[in-house]
Amino acid sequence: MLLTEQYHEDMSVFHVNTLPRRNYYIPFSDFEKAVSYRRRTESDRFQSLNGNWFFTYFPSFQAVLDRNLEDIWLEKSEEVVVPSTWQETGYESHHYLNERFAIPYDPPLVPRENPCGVYWRNIRVSESDRKNFKFHLNFEGVDSCFYLWINQQFVGYSQISHSLSEFDISNYLVSGQNRVTVAVLKWCDGSYLEVQDKFRTSGIFRDVYLVKRDKVAIHHYLLHQTVDVASRTAQLSIEILDPTSSIKEVDYCIYNSSGIEIRRGKGKEIALDNVLLWSAETPYLYTVMLRFGSEWIRERIGFRRIEIKNNILYLNGQPIRLYGVNHHDSRPQTGPVVCYEEQLQDLKLMKEHHFNAIRTAHYPKSPEFYELCDEYGFYVLSESDLEMHGIVAIYGRGGYQNYNEMAQNPLFRLAIQDRTESGIIPFQNRSSIIMWSLGNESGFGDNFERAASLAKKIDPTRLLHYEGFFHADETGDDRLLDVISRMYASVEDIREHYLQEARKPFLLCEYSHAMGNSCGDLKAYYDLMQQYPTFIGAFVWEWCDHAAESIIDGRATYLYGGDFGERYHDGHFCVDGLVSPSRQPHTSLKEYQQIHRPLRASWQDNTLRIWSDYIFLELNKAVDIRIEHLVNGEVSASFLVNELSLPPQQSVCLSLPFDCGKTDLRESLLITYYWSDGFINDYLQGKLVAVEELVLQEHPLKLNSKTAKKLSLDWRVEESASSLRLLANDANELCFDLTTGMLTKFVIDGELKCRSGGKWTIWRAPIDNDRHLLSLWEEAGFEQTQQRLLSYQMEKTTDEIHLTFCQKLYPAYRQAVLEINSQWVIRDDGQVRLEAVLHKNKEYPALPRIGMRFTLPVSYQKVDYVGYGPNESYSDKHHSSYLGTFSTDIDSLWENYLYPQENGSHWSSYCVSVSGEKESLTIQSLSDMTFSFNYSRYSIEEITKAQHAIELKGDNELHLVIDAAHSGVGSASCGPALDEQYQIAATSYVLRLQMS
Ligand code: IPT
């Protein structure tokens, strides 16, 4: 028998023989190394055990229990690299679940068929090391729990997937070769508390290492700081929380953020003056070198003061907002296994897009992540590894009405407390963390009131958050929670219930669900935050799309729930990030960047003013600005302001070296900001901060149209029962189908304008945010419509032919949804005009769009347009774009969503021209009526059907849709319904176009 006792189904034992929790640090023997290291591997006390381990997979732990260690070591084992997951190394297949338990509910029991992976490797320990040091074995993350042996002896047990477990293995080691064996179980009672919305994985997925400690060493200490903002003084106190240690004293040495030594001494109280305060904008870190006994520990500390006054969040005496994002650990090749460089890549991208806050959804990060947040400047809302959402699926108990069951059940009390401790104690010395969160979506009850008291007892200096209080019954007590938190509440709901009379600061821990083509509501929430200082922040859900990479036909493709043969899964609901799995920014991220830009321009009294929205950061020659004067959408003059200096919360006037506002054309200033040299964060150098357009003179855009060849055509009409043909010499022909009113031929001066046109549509390839409307739309029959020409009239004037059409568009089996009165005007100079009034039947719900479809030959790949670009733009998602003239190609218009859906539209356009080598079709709005357009290699039908980008093949035609109206995108996949102003629900729409 391998074990005498088992703990993984015992809700009173979570850790056996682990060392008491301590703050995270890595000791060094050598001061010089300690003061300057970049990575902890540089410490002589640190020995990474990452790398190859022998591994045997057992489908059931029962089989392991029947063996002894020797048998297991002799089993045919393979090697795996640690850290990794069984799902990535191929021992199990992937499984994505949102809020459901992955196992039947019967806590603390878990399935008997409990897969187990046994890992083992040898380590060498020298005689002298064993004499001089203690050896602490650390695991930073094992899913879901593990039993540990050194050589033949059982050492201990631990659980909580995202937590630090440390064992003193000194007494188990021998000089020379030693064997470390770890049995990891797929399920334990903790699995009921780890129901986070993610791919469910198993294994040793974070770093493993040994730390050599002095025989007499410190274990746990805290650094406390008190900051006086007015006098810029700080008091640093060192508290040794280690009653058993004989070390009572500490030598210290402090360097300021420029590396200058400012203090050296012995003692636990240190007063500092002239302190440069830490903020997300100015992440000044002081290096505090601590010598306990003969170990050196480096702490990098930012001095800052966090307070709530009048329900407003203050940092260093200034009101701040948390512009945040929810961040999961997720990579397409390794799942939850993320390395230092990848974490850094994410943080840099966030900085570039103006996030200043992160919620560690829904578990603590590995310690190095927090150190990076200190260094790069983020306000962190650090969450405990806790989510018990699955309880709402318990059969017959009322779903969300049963939400509080686990939160109230004493069975889970200790486990919740254990998770509260493990989420706080290791990270208390990190300056970036300003708020703790008790967990995510676990209901509310006594267990959480106790967890809140515990959290406040461990750390009274930080704010406390738990959104689950929203589900509390009337007895719920939230006195210890410092903020009111909600997720996905609408702007109106927030204004009405939380802001007009504030009880506590208000926070959105999740909002603007970034699934697919999304985040149309970012501006509305941003504006609300500006209006109410008690609305202290909001965190977008979420940073990245989760998916598993797989190579199919030599091409990387991304797979999600259901692609691995699982019976129960949640599809692609995990593909909901601002960046793709490989970190390509989606347009939602660009939208966020623009809306949260720290620099803004205004135009008043013929003066250009640039404002800094920074609260702490003095822009010391940090930004270059390029200003372009656009006349009628095209650049007529430009100039550069190099290395702008601007104090925080101040503005500066710039004089323009050209005249503006003098013509009857549309004039605007296009202002582009870039980080220049010398900014505090070097990695941002040359990066774009924002592009904004200030309209000086509003006029409909008139296009500098190519001077078209003057034609003088003598149209001849041929009419039959099924078609109406207009012909002028051999090179000009328009043919209309008289059953539908569609254009079946359009050739002017020998140029093919399109293969087909005039086909009305109300369908868009559904975006994820349409998912709640979809059943309504499908029920209404919007996806398949039929068009009928009811009547037409023809009239000839001296130089024009007028065709007046009366058409209807019907869903497959219902009454007409649109009645269309249109007039085609075909002129003798070869121009074709269309004026259509589209009446929507009031009985139908809001429509996805109202547009006219054209198909073009594949050679028409070039696209020129005047509209909102260069990013895709919609009525509610156009802030990262501006009105300009753009020249591009069809492939660049395509926004690649992993789950194919409507994309690449350009809102408020005046003109689009698609062309091949010689031929082109130009569609231009008449007067000030703008349109949206899509131009794509794929038809709406093909995009609608596809479930993975790789399935899209194209069909030998290119597809253009000109929309009189196109629904906004919103964020309703997990958020409020699309704001009415962006819905297509009016009774009539107009399209007025000229085609040539
Ligand atoms: C909410 C969860 O907190 C988060 O983990 C994720 O699932 C997100 O939504 C959706 O992607 S839960 C939802 C029921 C509000």
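The values are calculated or read from the model by the stated rules, or taken from the named source; none is laboratory data. No experiment lies behind these values; they were computed from the predicted model shown. Here the Cβ positions follow ideal geometry from the backbone for every residue, glycine too, while neighbour counts run over all protein chains shown.
What the table shows:
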quantity	calculated
Some residue of region 475-495 being touching a strand residue (DSSP E or B) at 6+ places or on another chain (Cβ under 7 Å) and charged (D, E, K, R)	yes
Where a residue in region 524-546 is in contact (Cβ under 8 Å) with a residue 12 or more places away in the chain and its partner, wherever it lies, is in a helix (DSSP H, G or I) and within 12 Å of the ligand (Cβ to nearest atom), with Cβ under 8 Å and at least six apart	Trp541/Cys974
Only one of Gly571, Gly537, Gly516 that is outside the structural domain of Tyr897 (by the TED database), surrounded by fewer than 20 Cβ atoms within 10 Å (Cβ to Cβ) and on the phi > 0 side of the Ramachandran plot	Gly571
Meets criteria (closer than 30 Å to Val717 by Cβ and aliphatic (A, V, I, L, M)) for Leu776	no
Per-region count, region 19-41, residues among the polar types (S, T, N, Q) and either part of a helix (DSSP H, G or I) or not assigned by the TED database to the domain that holds Cys188 (or both)	2
Boolean, Lys862 is closer than 30 Å to Leu559 by Cα, at pLDDT 95 or above and of a type in the set (Lys, Arg)	no
Residue match in region 554-561 (condition: within 16 Å of the ligand (Cβ to nearest atom) and not charged (D, E, K, R))	yes
Qualifying position, being within 16 Å of the ligand (Cβ to nearest atom), among the hydrophobic types (A, V, I, L, M, F, W, C) and not assigned by the TED database to the domain that holds Glu566, among Phe133, Phe167, Phe101, Phe154	Phe101
Pair list, Cβ under 7 Å, 6 or more apart: region 121-144 residue basic (Lys, Arg), other residue modelled with pLDDT of 95 or more and assigned to a strand (DSSP E or B)	Arg121/Trp53; Arg121/Phe54; Arg121/Val180; Arg124/Gly176; Arg124/Gln177; Lys134/Asp168; Lys134/Arg213
Hits in region 496-523 - residues which are closer than 23 Å to Glu307 by Cα, more than 16 Å from the ligand (Cβ to nearest atom) and in contact (Cβ under 8 Å) with a residue 24 or more places away in the chain	Tyr498, Leu499, Ala502, Arg503, Lys504, Pro505, Phe506
Condition check for Leu559: surrounded by fewer than 24 Cβ atoms within 10 Å (Cβ to Cβ), at pLDDT 95 or above and touching a strand residue (DSSP E or B) at 6+ places or on another chain (Cβ under 6 Å)	yes
Tally, over region 429-463, of residues that are within 16 Å of the ligand (Cβ to nearest atom) and either in a loop (DSSP other than H, G, I, E, B) or not assigned by the TED database to the domain that holds Leu481 (or both)	6
Of all residues in region 578-596 being in contact with a helix residue (DSSP H, G or I) (Cβ under 9 Å, 6 or more places away or on another chain) and in a loop (DSSP other than H, G, I, E, B), the one that is nearest to His353 (Cα to Cα)	His596
Residue match in region 157-171 (condition: closer than 21 Å to Tyr370 by Cβ and hydrophobic (A, V, I, L, M, F, W, C))	yes
Any hit, region 799-806, residues being under 45 Å from the mean Cα position of the chain (by Cα) and buried (at least 19 other Cβ atoms within 10 Å of the Cβ)	no
Filter result (touching a strand residue (DSSP E or B) at 6+ places or on another chain (Cβ under 8 Å) and of a type in the set (D, E, K, R)) within region 128-162	Asp129, Lys134, Glu140, Asp143
Unique residue being surrounded by fewer than 16 Cβ atoms within 10 Å (Cβ to Cβ) and either at positive phi or at pLDDT 95 or above (or both) when the list is Gly750, Gly830, Gly758	Gly750
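Yes/no per residue for (1) touching a residue at least 12 places away in the same chain (Cβ under 8 Å); (2) under 30 Å from Pro104 (Cβ atoms):
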| site | (1), (2) |
| --- | --- |
| Val184 | yes, yes |
| Phe199 | yes, yes |
| Ala217 | yes, no |
| Ala230 | yes, no |
| Thr233 | yes, no |
| Lys248 | no, no |
| Ile260 | no, no |
| Glu269 | yes, no |
| Asn274 | yes, no |
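Rundown of residues vs (1) surrounded by fewer than 19 Cβ atoms within 10 Å (Cβ to Cβ); (2) at pLDDT below 95; (3) not hydrophobic (A, V, I, L, M, F, W, C), yes/no style:
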residue: Gly203; (1), (2), (3): no, no, yes
residue: Asp207; (1), (2), (3): no, no, yes
residue: Leu210; (1), (2), (3): no, no, no
residue: Gln225; (1), (2), (3): no, no, yes
residue: Glu239; (1), (2), (3): yes, no, yes
